[in-house]
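Taking it in order: structure first as structure tokens, then the write-up.
The values are calculated or read from the model by the stated rules, or taken from the named source; none is laboratory data. Everything numeric here is computed off the predicted structure, so don't read it as measured data. In this analysis, Cβ positions are derived from the backbone assuming ideal geometry, glycine residues included, and neighbour counts consider all displayed protein chains.
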Amino acid sequence: MTQPKLQVKNCDLFYGDFQALKNIDLEIQEKEITAFIGPSGCGKSTLLKSLNRMNDLVEGCKITGEFTLDGVNIYKDMEITELRKRVGMVFQKPNLFPMSIYDNIAYGPRTHGIKKKAELDEIVETTLKQACVWDETKDRLKKSALGMSGGQQQRICIARALAVKPEVLLMDEPTSALDPISTIKIEELASELKKNYTIVIVTHNMQQATRISDKTAFFLHGEIVEFDDTHTIFSNPKEHKTLEYITGRFG
Amino acid sequence: MSVMSDKMRTYRSHPMSLVFNILTKIAVTLTIGIFVLIVGYVIIKGVPYLKPSLFSANYTSDNCSMLPAIANTFIMLLAALVIAAPLGIFCAVYLVEYAKKGNRFVRLIRLTTETLSGIPSIVYGLFGNMFFVLALNWKLSMLSGACTLAIMVLPLIIRSTEEALKSVDDSFREGSYGLGAGKLRTIFVIVLPPAISGILSGVILAMGRIFGETAALIYTAGTVAKYAGLSDSGRTLAIHMYSLSNEGLHMNEASATAVVLLVVVLLLNGLASLAAKKLSKGGN
Amino acid sequence: MIITDTENTAAKVLTKELHCGNKSGRILEKGMKALFFLCACVSVAAVVVICVFMFAKGCPAIAKIGVKEFLLGSDWSPRNVPASYGIFPMIVGSLYCTAGAIIIGVPIGLMTAVFMAKFCPKKLFKWLMPPINLLAGIPSIVYGFFGMVVVVPLIRNVFGGTGNSVLTVSIILGIMILPTIVGMSVSALQAVPDSYYEGAVALGATHERAVATVVFPAAKSGILASVILAVGRAIGETMAVIMIAGNSPIIPESMLDGVRTLTGNIVIEMSYAEGLHYDALIGTGVVLFVFILLLNLCFNLITGRKDKG
């Protein structure tokens, strides 16, 4: 078996006195979509955020255990900005900055030192195309994106995340604020992106997990109850709790 | 009409409610009336005396020119803001973006800024006289005055900047960090631009305060009616007006000066609330 | 394709330094953090230095004159031989004027606030609130001037005397504290949950009764805080007061007598004071300063309790 893209060993996470994650072990393979499912407050978003250290922003958050990206410890041996460049993130609600679409996309590359206009133009165009919003945006790149629909905004957010050329894309319930049609577009986009990126997606929507993911992890009370191929999880789960959850008996 | 009679019926059985209602209306009429009276009186009384000689290049006791005082006021504004604006804005940046919420140091800073905003200007004047004029031996000078005023308006700028920064949605910060940007870049490129109108409103309010200030300046910047450099003593427009009306010989010129002072201060305050309004709109 | 660059120049400089976490970038991050921190310390330092200077200079002077003679002595004649430094008349003067301002300003201010917060149609609010806020922006020197040319003659003509009196000062200070009281009280009243009001109306109270007996008491800590802030404004006001107060250092016997306040004492004599006289003026400042600190303390206690509750 090849080395996993991301590996979590023995992770405990506390918010103050509250233990949000208990003894998590997880391997995420390259160029696959891994879905995290489970009821609210089960720790799936928390784990996702620790994969690019967004939890560092939360006060009183303490993490133990080992997180590695390509075998390198991300909490000890990697610059935080470097990590976040390689592990991009798409948030629950589209959070475009109050500037033009172009500047939004170019923000990341500029952050990491790209300043040539031609190069930036190129990045903006390719990433918007990759995220399937080029047609809607190409005539209004200089305008604010705030007038666009939620789905379009979210795809621009994905383009923005792609613009720094990440290897891994973390998606935190990216469709929970969107209508069904936009949701399908984002899902198609995720499946498309899988060819080049490793994707981890947190979702409340179990159909979504079955539609797009290769592996699924089921979380409950801060623990991973079961982690397997998506197909196995949804057709033939080993744990009783998983079965109860996916058949809608709680959560 | 039926609404009216309905109300009247209610008031007939509850006369105290009617009295209370009328009292509040009287109060509000008084408050607005006083504003209109003061502004109207000052303008009507002063405008006829706004003669060209009041804007002669140099001050003599005959022409009472306010031009040197106006020039000094601008220097004073500029100098005080150059000191206070970066200090205040950076302080707020530290409080909002770096400090942990509710830790002791933050509470200490909040307590001290509140204390500063409660200190009367005459106490600032006294302190400025003791510290800048005498202890640091800067003499009565524009610089002493500017430093005194800078401390005085500091809480104003800190508070408005803090509010403006807090109004910037956290998801912007997350988005920026998520793209691998550092704290500084996030602050300067993502957080400060949408907050700028709120910060501006604080700075403009500070300008208004500096423009109209007298008590803190008499014994720090002095009352010399000449064009002043930073190390010279010079009077600002507000002190100019005080000197004129205090001497009692130039009441007409004083009332003309009052017009200029009042109009500029009201304009500044109006601008500040416009800027603040723009912030609250941008936030939505 | 022309792309507008929204980034300001400072940010551009930073971009240059901030290539993904290189060394100079990290140093800049640390350095700027330290700079922000230092700026944050300035307000603390300012308060400390102000306190140190006021007390270090003022307290020895008070001790030298004698605490009792200074605070309770009713003779202020620094030019006599031997000089006498009793600021009791000024303390009383400040308290009289502040009390007068409160008696005039608080009822008008609170009633105005009630109207603005609860009775005022939204359309009207937009037009009435700006002038009230602008009252706070008018420089004290303009208030003083207005008092001098309008209120002083008015009092003189109606009540006799010189017109420079406790009453005149109280009226002008009462006007000056209006925006403080109205502004803060309006916010306090608006912050009261609608459910309180609805509960009262549902029990058959009139709109006015509900506001007066339920909403107003619920906002009382905010309203009290506004009054305390207003007391601070009134007691610390200087320029407007000296232009209309008469300024003789004698305890006023009636509302129509002239008065000298603590603030006036400082401004009037600073220009020629030397030696112990100068220090005694600082001492006057210390007394004023202590008043203000106490008021601040009250203010913090009240607003702090509100935040918790």
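Residue-wise test of (1) closer than 25 Å to A:Ile123 by Cβ; (2) surrounded by 15 or more Cβ atoms within 10 Å (Cβ to Cβ).
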| site | (1), (2) |
| --- | --- |
| A:Ser144 | yes, yes |
| A:Ile156 | yes, yes |
| A:Glu173 | no, yes |
| A:Asn205 | no, yes |
| A:Gly222 | no, yes |
| A:Glu226 | no, yes |
| A:Thr247 | no, no |
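State whether the residues of the range C:74-87 include one that is part of a helix (DSSP H, G or I), touching a Leu at 6+ places or on another chain (Cβ under 8 Å) and among the hydroxyl-bearing types (Ser, Thr, Tyr). Quick ask: steps written out before the conclusion?
Here is the first cut: in the range C:74-87, the ones part of a helix (DSSP H, G or I) are none.
Checked against the condition, which is being part of a helix (DSSP H, G or I), touching a Leu at 6+ places or on another chain (Cβ under 8 Å) and among the hydroxyl-bearing types (Ser, Thr, Tyr), the range C:74-87 yields no hits at all.
Being out of contact with any Ser or Thr (no Cβ under 7 Å at 6 or more places or on another chain), among the charged types (D, E, K, R) and not in a helix (DSSP H, G or I), is that true of even one residue in the range C:234-243?
So far as the range C:234-243 goes, no, none of its residues is out of contact with any Ser or Thr (no Cβ under 7 Å at 6 or more places or on another chain), among the charged types (D, E, K, R) and not in a helix (DSSP H, G or I).
Any residue in the range A:140-151 that is within 17 Å of B:Phe172 (Cβ to Cβ) sitting within a Cβ distance under 6 Å of a residue that is aliphatic (A, V, I, L, M) and at pLDDT 90 or above? List the pairs, counting only those 6 or more apart or interchain.
Final answer for the pair search is A:Ala145/A:Ile101; A:Ala145/A:Ile156.
What residue, among those in the range C:105-118 that are in contact (Cβ under 8 Å) with a residue 60 or more places away in the chain and either facing chain B (nearest Cβ under 9 Å) or in contact with an Asp or Glu (Cβ under 9 Å, 6 or more places away or on another chain) (or both), is farthest from B:Ile38 (Cα to Cα)? Spell out the reasoning first.
Here is the first cut: in the range C:105-118, the ones in contact (Cβ under 8 Å) with a residue 60 or more places away in the chain are C:105-106, C:108-110, C:112-114, C:116-118.
From what is left, the residues that are either facing chain B (nearest Cβ under 9 Å) or in contact with an Asp or Glu (Cβ under 9 Å, 6 or more places away or on another chain) (or both) are C:108-110, C:112-114, C:116, C:118.
Numbers: C:Ile108: 17, C:Gly109: 17, C:Leu110: 21, C:Thr112: 18, C:Ala113: 20, C:Val114: 23, C:Met116: 21, C:Lys118: 27 Å.
Going through the qualifying residues, I end up with C:Lys118.
Working carefully through the options A:Gly41, A:Gly71, A:Gly88, find the one that is within 26 Å of A:Thr210 (Cβ to Cβ) and surrounded by fewer than 15 Cβ atoms within 10 Å (Cβ to Cβ). First the steps, then the outcome.
Values: A:Gly71 fails: within 26 Å of A:Thr210 (Cβ to Cβ); A:Gly88 fails: surrounded by fewer than 15 Cβ atoms within 10 Å (Cβ to Cβ).
None of the other options fit; the residue is A:Gly41.
Residue by residue, here is whether (1) under 30 Å from C:Leu124 (Cβ atoms); (2) surrounded by fewer than 17 Cβ atoms within 10 Å (Cβ to Cβ); (3) β-branched (Val, Ile, Thr); (4) within 8 Å of chain C (Cβ to nearest Cβ) holds:
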{"position": "B:Thr31", "(1), (2), (3), (4)": "yes, no, yes, yes"}
{"position": "B:Ile43", "(1), (2), (3), (4)": "yes, yes, yes, no"}
{"position": "B:Ile83", "(1), (2), (3), (4)": "no, no, yes, no"}
{"position": "B:Arg104", "(1), (2), (3), (4)": "no, yes, no, no"}
{"position": "B:Leu108", "(1), (2), (3), (4)": "no, yes, no, yes"}
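Per-residue answers, yes or no, for (1) within 16 Å of the chain's Cα centre (by Cα); (2) within 12 Å of another protein chain (Cβ to nearest Cβ); (3) of a type outside the set (Lys, Arg):
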| position | (1), (2), (3) |
| --- | --- |
| C:Pro193 | no, no, yes |
| C:Gly204 | no, yes, yes |
| C:Val214 | no, no, yes |
| C:Leu224 | yes, no, yes |
| C:Glu237 | yes, yes, yes |
| C:Pro252 | no, no, yes |
| C:Leu276 | no, no, yes |
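How do the helices (runs of 4 or more DSSP H) wholly within the range B:1-114 filter down when requiring 1 or more residues that are of a type in the set (D, E, K, R) and at pLDDT below 90: which remain?
Working: elements: B:2-13, B:15-46, B:67-93.
Where helices (runs of 4 or more DSSP H) fall fully within the range B:1-114 and carry at least 1 residues being of a type in the set (D, E, K, R) and at pLDDT below 90, they are B:2-13.
Of all residues in the range C:258-309 being closer than 21 Å to C:Val169 by Cα and touching a strand residue (DSSP E or B) at 6+ places or on another chain (Cβ under 8 Å), which is surrounded by the fewest Cβ atoms within 10 Å (Cβ to Cβ)?
Filtering the range C:258-309 for residues that are closer than 21 Å to C:Val169 by Cα and touching a strand residue (DSSP E or B) at 6+ places or on another chain (Cβ under 8 Å), the one surrounded by the fewest Cβ atoms within 10 Å (Cβ to Cβ) comes out as C:Gly258.
Please verify whether the range B:49-71 includes one or more residues that are touching a residue at least 24 places away in the same chain (Cβ under 8 Å), on the phi > 0 side of the Ramachandran plot and either surrounded by 13 or more Cβ atoms within 10 Å (Cβ to Cβ) or assigned by TED's automatic domain parsing to the domain that holds B:Val260 (or both).
Yes; the residues of the range B:49-71 include at least one that is touching a residue at least 24 places away in the same chain (Cβ under 8 Å), on the phi > 0 side of the Ramachandran plot and either surrounded by 13 or more Cβ atoms within 10 Å (Cβ to Cβ) or assigned by TED's automatic domain parsing to the domain that holds B:Val260 (or both).
Taking the range A:62-92 as the search range and keeping residues that are of a type in the set (A, V, I, L, M), in a strand (DSSP E or B) and over 18 Å from A:Ile24 (Cβ atoms), which one is farthest from the other protein chains (Cβ to nearest Cβ)? Give the derivation first.
So in the range A:62-92, the residues of a type in the set (A, V, I, L, M) come out as A:63, A:69, A:72, A:74, A:78, A:80, A:83, A:87, A:89-90.
So of that shortlist, the ones also in a strand (DSSP E or B) come out as A:63, A:69, A:72, A:87, A:89-90.
In the following step, the residues that additionally are over 18 Å from A:Ile24 (Cβ atoms) were identified as A:72, A:89-90.
Details: A:Val72: 14, A:Met89: 4, A:Val90: 8 Å.
Restricting to residues being of a type in the set (A, V, I, L, M), in a strand (DSSP E or B) and over 18 Å from A:Ile24 (Cβ atoms), the top hit is A:Val72.
What do you reckon, is B:Asn58 farther than 30 Å from C:Phe37 by Cα, over 21 Å from the mean Cα position of the chain (by Cα) and of a type in the set (S, T, N, Q)? Please lay out each step first, then the result.
Numbers: farther than 30 Å from C:Phe37 by Cα: yes; over 21 Å from the mean Cα position of the chain (by Cα): yes; of a type in the set (S, T, N, Q): yes.
Yes.
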